[in-house]
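Below is one structure, written out as C-alpha cells; comments come after it.
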Amino acid sequence: MDYKDTLNLPQTDFPMRANLPNREPQILQHWEEIGLNDKLESANKESGKSFILHDGPPYANGHLHMGHALNKTLKDIIIKSKRMQGFFTPYVPGWDCHGLPIELMVDKKLGKKKREMSKADVRRECREYAKEWVQIQSEEFQRLGIFGNWKDPYLTMSTHYEAQTARELAKLAERGSLFKGKKPIHWCSSCVTALAEAEVEYADHSSPSIFVKFPYVDALPAELSQLEGKTLNFVIWTTTPWTIPANLGICLNPELPYVVVEASGELLVLAEGLVESVMKTLGVEDFSIAATFEAAIFEKKNCKHPLYERNSKIILGDHVTLEAGTGCVHTAPGHGQDDYIVGLKYGLEIFNPVDDYGRYRDDLEIFGGMKLKDANPAVCEKLEEVGALLKQSEISHSYPHCWRCKKPIIFRATEQWFVGMEQNDLRKKALAEIDKVEWIPSWGRDRIYNMVEGRPDWCISRQRSWGVPITVAYCEKCGEDLCDGETMHYIADQFEETGSDVWFEKDASELLPPGTTCPKCGHDKFTKETDILDVWFDSGVSHAAVCEYRDYLHSPVDLYLEGSDQHRGWFHSSLLESVGSRDRAPYKAVLTHGFVLDKDGRPMSKSLGNVIKPEEIIKKYGAEILRMWVAATDYRDDIRLGNETLQRLSDAYRRIRNTARYLLGNLAGFDPATDMVADSELLELDRWALSKLSGLVKKVEQAYEKYEFHVIYHAVHNFCSIDLSAFYLDILKDRLYTSPKSSVEYRSARTSMYLLLDAITRMIAPVLTFTADEIWQGMPGEREDSVHLAGFPETMEQRYDAELEARYGQIQKVRAEVSKVLEKARAEKQIGQSLEAKVSLQVPESVKTLLEEYSEQLPSLFIVSQVELVDELADGADAEQLAGLKLKVQPADGEKCERCWNFATSVGENSEHPSICNRCAAALSAE
RNA sequence: GGGCUAGUAGCUCAGCUGGCUAGAGCACACGACUGAUAAUCGUGAGGUCGGAGGUUCAAGUCCUCCCUGGCCCA
C-alpha cells in the first residue's frame, strides 16, 4: 500500500507565489466591498483613547514619488498599529493646493489666453488643475494600501479651509503680529510684475564694472592713529552702478584682515587678500601697505556717500568673500538679498528709489525720473565728475532675466506683509514650545530650535494670484491699511460660503462691513491688497482648519510625521502660526524621516536618470514590497533604494509568505474551538516555540511603540527563518506527518502552529497589509472580517519560559555540531538525508546531564534515526565550538521505514505492515 | 561658509554605559532532499568596523582632525 496517503501532509489553497501586482487590486476591491475603510475610521471610537496623526499635505501636482510613498506608508503603519492596539485613529489625508508651481503649470497651459483672463478666471483654472491631481494622487496612495478618510480629505483650497486661513491671519493681526515692511524681490520692469525664483533665468549679460571710493568721515580708530590727518577711502566694486544711489552701507568680513594701501598719494582700504588683484586692475604698480587692521574696528563707523550728503555705514557680514571685488561690499538693502539681511541687522533703511516701471522715483536727487537703462552711464559719469570713480570697464557675467520677456530683471524692495518674530514675543514663545515637544529623533529639537532662533521675520506676502488673499483694505485717500482683526474677520466669514474667490470678484465696498470708514481720515472708499499668502501659511493653519474644526479630531495632536526638510517647512510654519495665534505648539510629538536616495546615496533626479518610481515597484514587485522596504529600513537616516534592495526584500517576503503558507497547510481542517489542547497538555517543544513567540511579540510591540519598524522586520524574518523554518518546523514534520490525528502529539503541534500563525499575522498586518489579510482569510476559527479590524496578539508573557529556552539553547549548540559532522559524512557519500544516520556522542560534563535527560528526543531534535551517548568515543571527531564534545556518524541501524522514513530495527516486525516501523504501525491502528 | 546628520560584509540591520578570534538574515558557492518543491534543510567563503592621529592594559564603541554623502540655510 502507499503509506503516503496515511500521513497528515500539509494542504492549502494559499498560493506559494503571491503575484502581488495582480492580487493586490483584488484585495483592494474586496476591502471596498466590505466597506473596510469606513469601519476602520470609526473603529475604537468609544474606547476613550485616541491617537491622532495629522497628515502634512503633499502638493497637489504630479505623480507620487518615493518620498511620498515613504512618508504615507510610515504614517499608515503607525496608524494601523495604533488602531490594533485599541486606539481610535481617524486619519484625514490632506492636500496643499495653492501656490506658484500650480499657477505656473496653468500659465503654461493657458499660454497667451491668460492675458485676456481675469485673476478670478485664472484661479478657477488653478482650482481645476489642483483638483485633478488630488484625485490622481489619492488613487495612487490608496493603491499602496493606505487606509484613511479618502472620501473627505482636507484641501487647503476648500471654502472652509480658505475661510479659516483668513481667520488665522486676522487673529495674528489682532495680536499685533502682522506688519508691513519692505523686502527685495526679483522684479521685471517690463512685465511690471514680481518674479519668483522659479521664474528667473540666468543668462550672460554685459555690465559695467566699477571701483568707487567712499571717503571715511569719522574719527580714526586708535589702532590706526598713525594715519591721523589723512583721508581713508574705502573702495567698493560693483557691476550695478544704478544701485549706487541706494547705497547705505559698506560691508566688511569680520574674519578677514584688511589693509590701508598707499597708492598714487591716496589711502585705499581693501581686504589684504585682494590687494594684488585690485592694484593690477587699477593699473597701479607703485603702492605700499600703510597699515593692517581687523574689520571690526570700523564697525558702525561711517563713510560719506560719494554723491549725496549722507553717510554710508561700515558694517560686518560673513557673506563678504575674496572671490571678487575689494572685500568692501557696496550695500544697498533695497536691492540685494545679502544687503537686505545685513541691513536689517544694522537697522539700515530698506531703501528703494526705483518704481514699478524701472525708473528712479521723481524725488531722487540728481537722477529722479530717469529710466534704469540710462542710469548706469549717468551714475558712472557723475561719479567720475566728483572724482570717486577709480576705474570703469565692462564685464560679462551671469545675470537674472525674466523667463517670459527674457529681459534683464532687477532686485528691488517692495512693501510686503510680515509676521514679526519679536512682536507678541513670537520667537521666545516658539522656542519655549519647541522644548515641550517630543522630537524623534532627538536632534530634531536642535535643528528646528536653531532655525527659529536665527530666522528673520516671516514674509507672508506673495505677488501672485493662486492663493488666499491677504485681506487688508487700503484707504483710497490716505493709504491707511485696515489690518485690524475686526474687518479681517468680517471678510473671512464671507469665504466660508464662497471661498476666497470672492475677494477677486467683488469690490472692496462689497467686502467690507457696511459703513466702514478710514480710521485716520474718515474717507469711505477703499482698495484691496493684491498680495496673497505664502502657501506655508496655508498649510501652517491646518491644525485649526482641520484638527480643531472636525469634531472627531482635536489639537494639539499626538504626532506630525514628515521628512526632515519640514523642520524648515511645515513643522516650522505650523509652529509659528499656532504659537502666534494660540501660544502653543500644534503637536505633542514630531517624527522625521530621511530622504530617499539611489543605491549610491545620491538624490534621485531626472538628469541623473536614477529615479525609481513607486509605480514601477508596484508593477514589478507589488505595493507590499514597497511597504516592506519602508519597514525594513532605519528611516531616521536617509534611505537608499536600488534594485538589489528590492530583490532582497522580495526574497524575504517569500520567506515570510512561505512560512505562513506552511502553517496554513498544516492547519487544514483545524478548528480551534474543538481541536486545541490545553496549555498543560502542550508538548515541551511546542511550549518552547510559544515561549519564543512570546519574546517576539514583546519585541515587536516595543518596536511599534518606538516606531522602529526595521526591528520588526528583522525580528519577524529571523523568527520565521531561524526559529521556525530551520528548527521548529523542520523537527515538527516527523511528529506532524506521522502521528494519529487524534493524538495529543498531533493536536499539540497544531495548537502551537495555530497560535504562531495567529500572532504573526496580526503583528505583520500594519506592514504587510495585503498579505496579512490574505492569510487571515485562510485561517481557521471565528474571526473578524479583516485582520485590520482585529487587535494585536494578547500579551504572551505567561508563555515565556527562560529555563526552557536555556536548555534548548544548549541542545541547539550540540545540534549545530551534529549538522557539521553530518555534512562531512554527506560529502563523503556516507549518507544522503540525515535520517540515514546514527550519531554517537561523547559529551562534556557541561551538557551531559541535560543530554541524558533528553536522550529519547535527541534523534527527533537532530532529525537523525538514532543518537547514542557513549562514555568514550575513540574515533570521534572533535567539535569545533563546543569543547569536549566528540561526534561520530554511522549508517543508521535497521531498515528505512517506508512511512516515516526513519531507520528502525523494528521494520519488518509487523506482519501486517512489513515495510514500516512499529511506531508507524501503532499510529495506523490508532486511526 | 553655517545648522543638523550619516558612513560596520554585495544588500538590510545588531553590536547597551570601551573588554573574549566583530554578529544575524538575505544574496553567493557547494551539497542534500524531492512528503513546504519556482519550496525546504545543511555546510562554507565574505568585513584593515570611511581615513589618520590620540587617550587607555584594552576602541567599531571615547577625543581631535580629515575624507565622502544627505537635508536645510547662506
inquiry  = Modelling each spin label as a point 7 Å along the Cα-to-Cβ direction, I'd like the A:Lys706/A:Lys230 distance in nm, to one decimal.
reply    = 6.8
key: 0 to 90° range, to nearest 10: angle between helix A:100-110 axis and chain A longest Cα axis   = 80
query = Near A:Lys525, which lysines are there with a Cα under 20 Å away, not counting those fewer than 8 places off in the same chain?
reply = A:Lys477, A:Lys506
ask   = At A:Lys506 and A:Glu853, where each label point lies 7 Å from the Cα along Cα→Cβ, what is the point-to-point distance in nanometres?
value = 8.6
request  = Could you tell me what % of all Cα pairs in region A:205-399 have separations over 23 Å?
outcome  = 40
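Show me the ranking of peptides A:755-767, A:419-431, A:600-612 by mean Cβ neighbours inside 10 Å, starting with the highest.
In descending order of packing, they fall as A:755-767, A:419-431, A:600-612.
How much length, in nm to one decimal, is gained on full extension between A:Lys820 and A:Glu794, taken as 0.36 nm per residue of separation minus their Cα-Cα distance?
So the chain would gain 5.5 nm between A:Lys820 and A:Glu794.
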task = List, in the order given, every pair from A:Lys108/A:Lys528; A:Lys119/A:Lys182; A:Lys45/A:Lys428 whose Cα-Cα distance in the structure shown is over 29 Å.
result = A:Lys45/A:Lys428
key: Stretch gain in nm, segment A:Arg568-A:Gln812, where the contour uses 0.36 nm per residue and the Cα spacing is subtracted   = 82.6 nm
Calculated FRET value between A:Glu828 and A:Arg447, using beta carbons and R₀ = 56 Å, to 0.05 = 0.35
ask   = Rounded if a/c is under 1.5, else prolate if a/b beats b/c, else oblate: with a ≥ b ≥ c from the C-alpha gyration tensor eigenvalues square-rooted, which is region A:603-694?
value = prolate
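Based on the alpha-carbon gyration tensor of region A:829-893 and its eigenvalue square roots a ≥ b ≥ c, which shape applies: rounded if a/c is under 1.5, prolate if not and a/b is larger than b/c, or oblate? The partial results should precede the final answer.
Numbers: a/c = 1.97, a/b = 1.30, b/c = 1.51.
Oblate.
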query = Tell me, how many Å apart are the Cα centres for region A:44-109 and for region A:628-661?
reply = 23
task = Quick one: compute the contact order of region A:405-491, relative version, from alpha carbon pairs under 8 angstrom and 6+ residues apart, as a percent.
result = 27
query = By its C-alpha gyration tensor, with a ≥ b ≥ c as the square roots of the eigenvalues, how is region A:447-534 shaped: rounded for a/c under 1.5, else prolate for a/b larger than b/c, else oblate?
reply = prolate
Förster radius 41 Å - calculated FRET efficiency between A:Asp484 and A:Asn718 (Cβ-Cβ, nearest 0.05) = 0.05
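Just list whichever of A:Lys112/A:Lys373; A:Lys113/A:Lys183; A:Lys733/A:Lys820; A:Lys280/A:Lys313 have alpha carbons separated by over 23 Å in the model shown.
Values: A:Lys112/A:Lys373 28 Å; A:Lys113/A:Lys183 32 Å; A:Lys733/A:Lys820 21 Å; A:Lys280/A:Lys313 27 Å.
Listed pairs above 23 Å: A:Lys112/A:Lys373; A:Lys113/A:Lys183; A:Lys280/A:Lys313.
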message = Taking the alpha-carbon distance from A:Lys300 and a cut-off under 20 Å, which aspartates and glutamates remain once sequence neighbours fewer than 8 residues away in the same chain are dropped?
response = A:Asp218, A:Glu223, A:Glu228, A:Glu255, A:Glu309, A:Asp318, A:Asp338, A:Asp339, A:Glu349
request  = Compute the semi-axes of the equivalent ellipsoid of region A:205-262, taking the square root of 5 times each eigenvalue of the Cα gyration tensor, and list them largest first in whole Å.
outcome  = 26, 13, 11
ask   = For chain A, what relative contact order do you get, as a whole percent, if you take Cα pairs closer than 8 Å and at least 6 residues apart?
value = 14
key: Between helix A:485-498 and chain A: long-axis angle, C-alpha atoms, 0 to 90°, nearest 10   = 50
ask   = Between A:Glu46 and A:Glu299, what is the label-to-label distance in nm when each label sits 7 Å out along the Cα-to-Cβ direction?
value = 6.8
Taking region A:778-896 and dividing mean pair separation by its residue count, relative contact order in percent (alpha carbons under 8 Å, at least six apart) = 28
message = Give me the extension gain from A:Glu132 to A:Asp338: residue separation times 0.36 nm, minus the current Cα-Cα distance, reported in nm with one decimal.
response = 70.2 nm
query = To the nearest 10 degrees, how steep is helix A:729-738 against the longest Cα principal axis of chain A, on a 0 to 90 scale?
reply = 40
inquiry  = Using a Cα-Cα cut-off of under 18 Å, which aspartates and glutamates could be cross-linked to A:Lys407, ignoring same-chain neighbours fewer than 8 residues away?
reply    = A:Glu197, A:Glu199, A:Glu201, A:Asp204, A:Asp355, A:Asp356, A:Asp374
query = Could you work out Rg/(2.2 N^0.38 Å) for chain A, with Rg from alpha carbons only?
reply = 1.31
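Throughout, read-outs are computed from the coordinates displayed, never taken from laboratory work. Not measured: the values here are computed from a predicted model. Backbone-built Cβ (ideal geometry, glycine too); neighbour counts: all protein chains shown.
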